[in-house]
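So the structure is just underneath, and the comments pick up after that.
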Amino acid sequence: QVQLVESGGGLVQAGGSLRLSCAASGSILSINDMGWYRQAPGKLREWVARITKDGTTNYADSVKGRFTISRDNAKNTVYLQMNSLKPEDTAVYYCKGRIWTPLPGRWDDYWGQGTQVTVSS
């Protein structure tokens with residue numbers, strides 16, 4: 001059983017900052033890529049950022065230069081530092097991890113439950 005739990009969402013004014021965290025726990029042998037996605041009301045879920053196990057990062061164009069993804073492999077935790085927030089960043093933010101578990105002994109994608117980020121103008 002694997003759980004990903006996000007935290008750090010909230011309400012912030014435009015131009016402000018928030019830091020999201022996502023901690024993975026359970027029967028984890030290894031975590032490969034971790035990433036953040038978001039879903040605004042009435043829109044499809046979109047990819048935001050990704051980080052590999054060795055720390056290589058990629059970002060969606062809409063957040064490049066404003067958001068920073070990082071991870072602590074010892075804590076099985078991924079972070080998303082969000083600066084210069086805009087109202088269009090308002091969404092539920094989800095983390096995803098590519099995780100190897102002993103049963104069934106393969107890589108699977110696991111998702112967190114989401115955390116709300118609201119940016120007021």
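From the phi angles alone, apply the Karplus equation (6.51, -1.76, 1.60; θ = phi - 60°) to segment 24-33 and give each ³J(HN,Hα) in whole Hz, x where the residue is Gly or Pro.
Coupling constants for segment 24-33: 9, 9, x, 7, 10, 9, 7, 10, 8, 5 Hz.
Can you give the FRET efficiency for Ala74 and Val2, using 1/(1 + (r/R0)^6), R0 = 22 Å, r = Cβ-Cβ distance, to the nearest 0.05?
Numbers: r = 17 Å, r/R0 = 0.79.
After rounding, the FRET efficiency stands at 0.80.
Say R0 is 22 Å: what FRET efficiency, to the nearest 0.05, do Lys64 and Thr118 get from their beta-carbon distance?
On the way: r = 22 Å, r/R0 = 0.99.
It comes out at approximately 0.50.
How much of Ser62 can a 1.4 Å solvent probe reach, expressed as accessible area in Å² and rounded to 10?
The accessible area of Ser62 comes to roughly 60 Å².
Within segment 28-98, how many Lys pairs sit with Cα atoms under 16 Å apart, leaving out pairs fewer than 8 places apart on the same chain?
Numbers: Lys53/Lys75; Lys53/Lys96; Lys64/Lys86; Lys75/Lys96.
Close lysine pairs found across segment 28-98: 4.
Take the alpha carbon atoms of segment 64-87, find their center, do the same for segment 34-48, and report the distance between the two centers in whole angstrom.
Answer, in whole Å: 15.
Can you pull the three principal axis extents for the Cα set of segment 26-115, in Å, largest first?
In descending order, the Cα extents are 42, 27, 18 Å.
Can you work out the accessible area per residue across the chain, with the rest of the protein chains kept in place, probe 1.4 Å, in square angstrom? Show your work: numbers first, answer last.
Numbers: 6410 Å² over 121 residues.
Each residue of the chain exposes 53 Å² on average to a 1.4 Å probe.
Long-range amide H contacts for Val48: which residues qualify at under 5 Å (H placed 1.01 Å from N, peptide plane, sequence gap of 5 or more or a different chain)?
The list, which skips near neighbours in sequence, is Trp36, Tyr37, Arg38.
Quick one: Karplus J couplings for segment 109-121, per residue in order, coefficients 6.51, -1.76, 1.60, θ = phi - 60°, nearest Hz, x for Gly and Pro?
8, 10, 10, x, 8, x, 9, 7, 10, 10, 10, 8, 8
The values are calculated or read from the model by the stated rules, or taken from the named source; none is laboratory data. The structure displayed is predicted, hence computed values, not measured ones. Glycine also receives a Cβ, built like all others from the backbone with ideal geometry; neighbour counts cover every protein chain displayed. For accessibility, only protein heavy atoms count, side chains too; no ligands or nucleic acids. Shrake-Rupley method; radii C 1.70, N 1.55, O 1.52, S 1.80 Å.
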